[in-house]
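A.B. asks: Could you have a look at this structure, given as structure tokens, before my questions?
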Amino acid sequence: MAGVVAVAAESLAGGRARAARTVLDQVVLPGEELLLPEQEDAEGPGGTGERPLRLNAGVRARVRVVCGPGLRRCGDRLLVTKCGRLRYKEPGGSGGGGGVYWVDSQQKRYVPVKGDHVIGIVTAKSGDIFKVDVGGSEPASLSYLAFEGATKRNRPNVQVGDLIYGQFVVANKDMEPEMVCIDSCGRANGMGVIGQDGLLFKVTLGLIRKLLAPDCEILQEVGKLYPLEIVFGMNGRIWVKAKTIQQTLILANILEACEHMTADQRKQIFSRLAES
């Protein structure tokens, strides 16, 4: 790990850009520049700016590359803005090239993103707007009409201190975040006020993304222990409820500890709990 960080620091100090595909799953540092596959050819094999001769130089395929969290476009290159491991996901279509690059980092501070489903806490009510704490730099606004079946006469029963599960429809640095509890068809689809019982706790954003992955084995193993209800928020909040308070606390402790456990350690803990 220290050697990988030293290589990244040496590259950053030398001011030379590295190919993005050569540093996948490796540590990258803020300020480092990464070359995309189409820019690697332009830089030349030795990085001296020599352009290799191509027979089809007049034809250049258009490749769409998406910058995820921790990366930013800087001309024809990618600029790293967070410290972490560089990840890549291939495009879903049949076209070659492109895909999504992002930096996987252990971050606790949440920055609202449009479309994210989050868990918020109602902190105030001003007129027809609820103020919801989502863990960001400022509270989000939630209209009383942003609930399924809500009208001017039929208002939702939302009180200060209630937990809200919703999604962002407006989230940028120049405007106040705005939440709704309905989808594009006007249905709640699981969103709205969360029940009074249960336990709310906070974890890192990296653990949330890991638990929400389609191939996550942790949730499958947890579901075999006790019957439970669980809600994940992309802002690092988890709400869980089991039959008893003891079971709820056990599940919360397991989910918090799974971030730093190996697969073998998890199997040992789950086997002990299953026996007891």
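A.B. asks: How much area per residue is accessible in the stretch 116-193 when the probe is 1.4 Å and only protein heavy atoms are counted (Å²)? Could the numbers behind the result be given before it?
C.D. replies: Details: 4180 Å² over 78 residues.
I get 54 Å² per residue for this part.
A.B. asks: With a 10 Å radius around each residue's Cβ, average the other Cβ atoms per peptide and rank 150-157, 254-261, highest first.
C.D. replies: Numbers: 150-157: 10.4, 254-261: 15.5.
Listed from highest to lowest mean packing, they are 254-261, 150-157.
A.B. asks: From the phi angles alone, apply the Karplus equation (6.51, -1.76, 1.60; θ = phi - 60°) to the stretch 210-216 and give each ³J(HN,Hα) in whole Hz, x where the residue is Gly or Pro.
C.D. replies: Rounded to whole hertz, the list is 5, 5, 8, 5, x, 9, 6.
A.B. asks: Shifting gears a bit: For the stretch 243-256, in order, what is each residue's ³J(HN,Hα) by Karplus, 6.51 cos²θ - 1.76 cosθ + 1.60 with θ = phi - 60°, in whole Hz (x at glycine and Pro)?
C.D. replies: Taking θ as phi minus 60°, the curve returns 5, 10, 5, 4, 5, 5, 5, 5, 5, 5, 5, 5, 5, 5 Hz for the stretch 243-256.
A.B. asks: Ignoring ligands, DNA and RNA, what percent of the accessible area of the stretch 119-221 is carbon or sulfur (1.4 Å)? Write down the numbers at each step before the final one.
C.D. replies: Details: 2740 of 5610 Å².
That fraction is 49 percent.
A.B. asks: Separation between the residue 128 and residue 200 pseudo-spin-labels, each 7 Å from Cα along Cα→Cβ, expressed in nm?
C.D. replies: Each label point is offset 7 Å from its Cα along the Cβ direction, giving 2.6 nm.
A.B. asks: For residue 100 and residue 261, what is the calculated FRET efficiency with R₀ set at 22 Å and r taken between the beta-carbons, to the nearest 0.05? Show your work: numbers first, answer last.
C.D. replies: Working: r = 28 Å, r/R0 = 1.25.
The formula returns an efficiency of 0.20 here.
A.B. asks: With a probe of 1.4 Å, find how much accessible area the stretch 199-275 has per residue, and write the answer as a whole number in Å². Could you put the intermediate results ahead of the total?
C.D. replies: On the way: 4260 Å² over 77 residues.
Per-residue accessible area for the stretch 199-275 comes out at 55 Å².
A.B. asks: Quick check on the stretch 199-275: take the gyration tensor over C-alpha atoms, sort the square-rooted eigenvalues as a ≥ b ≥ c, and tell me if it's rounded (a/c under 1.5), prolate or oblate.
C.D. replies: Taking the square roots of the gyration eigenvalues as a ≥ b ≥ c, the stretch 199-275 is oblate.
A.B. asks: Once you charge only the Cβ atoms, +1 for Lys and Arg and -1 for Asp and Glu, what is the size of the charge dipole of the stretch 116-193 about its Cα centre, to the nearest 20 debye?
C.D. replies: Working: 7 positive and 10 negative charges, 73 e Å.
About 360 debye.
A.B. asks: Using a basic spin-label model with each label point 7 Å from the Cα along Cα→Cβ, how many nm lie between residue 229 and residue 87?
C.D. replies: In this crude spin-label approximation the distance works out to 2.9 nm.
A.B. asks: Along the stretch 149-156, what does the Karplus equation 6.51 cos²θ - 1.76 cosθ + 1.60 (θ = phi - 60°) give for ³J(HN,Hα), rounded to whole Hz, x for Gly and Pro?
C.D. replies: Taking θ as phi minus 60°, the curve returns x, 7, 9, 5, 8, 9, 8, x Hz for the stretch 149-156.
The values are calculated or read from the model by the stated rules, or taken from the named source; none is laboratory data. This structure is a prediction, so every number in the text was calculated from the model and none was measured. Note that each Cβ is placed from the backbone with ideal geometry, even for glycine, and that neighbours are counted across all protein chains shown. All accessible areas refer to the heavy atoms of the entire protein, side chains included, with ligands and DNA or RNA removed. Shrake-Rupley method; radii C 1.70, N 1.55, O 1.52, S 1.80 Å.
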